[in-house]
Amino acid sequence: MTFHIDISIDLRKDGNVARHKQLVVGNAEKNNALDYYGNYEMWGRGRTITRNHYVMSFTFPEIEKNILRFIQFVKQETSWQIEMVGIEQGKYELIFASRKYLTLMEAEMARKYIRTKKQLKIGKYKNIVSQLRR
């Protein structure tokens, strides 16, 4: 059972990915991250670029204090946004999804997340959800 978290930085606002990546990866390793990887996401229509982000995905063991410390660190850095947090325990369960991430998801999955969002606030992972809502 592992936690997954995706964070992104808008390259149109801050193009120095190397510095940010070094900070975030260092903190993730300090909080016992199992694995991480990054991808560039560039989308657009015609000559207009609508999304130019660097997205990093991290995997943490199911130790709540590690993911909470990492979330606090990412939230202090203003240029990074948390896109989603999920847990894999036989099946994948989405704990948090940003508004932008909801627009990127399939419509049915987004509706399912919105229906279960209230239960997540009082469920097993309420500490993580409350930390993300601040």
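On the beta carbon distance between Thr78 and Thr2, with R0 = 22 Å, the FRET formula returns roughly 0.20. From most to least packed by mean Cβ count within 10 Å, the peptides 54-65, 26-37 give 54-65, 26-37.
Please list, or write none, the aspartates and glutamates whose alpha carbon is within less than 17 Å of the alpha carbon of Lys121, excluding same-chain residues fewer than 8 places away. Answer for Lys121, where 17 Å is the Cα cut-off: Glu64, Glu93, listed by chain and number. Of all complete DSSP H helices in the chain, those with a Cα span along the helix axis of 20 Å or greater and a mean Kyte-Doolittle hydropathy of -1.0 or more are 107-122.
Going by a ≥ b ≥ c, the root eigenvalues of the Cα gyration tensor, does the chain fall in the rounded group (a/c under 1.5), the prolate group (a/b larger than b/c) or the oblate group? List each step's numbers first, then the result.
Numbers: a/c = 1.91, a/b = 1.18, b/c = 1.62.
Cα axes put the chain in the oblate bin.
In this structure, Lys117 and Ala18 have a Cβ-Cβ separation that, at R0 = 35 Å, corresponds to a calculated FRET efficiency of about 0.45.
Sites listed here are GluC sites (Glu not before Pro) in segment 80-124 whose DSSP assignment is loop and whose Cβ has at most 14 other Cβ atoms within 10 Å: Glu106.
Excluding same-chain neighbours fewer than eight residues apart, the lysines reachable from Lys21 by a Cα-Cα span under 28 Å are Lys13, Lys30, Lys65, Lys75, Lys100.
Only the coordinates and a few stated rules stand behind these numbers; no lab work does. Given the structure is predicted, the values throughout are model-derived calculations rather than measurements. When we count neighbours, we look across all protein chains shown, and the Cβ atoms used for this are built from the backbone with ideal geometry, even at glycine.
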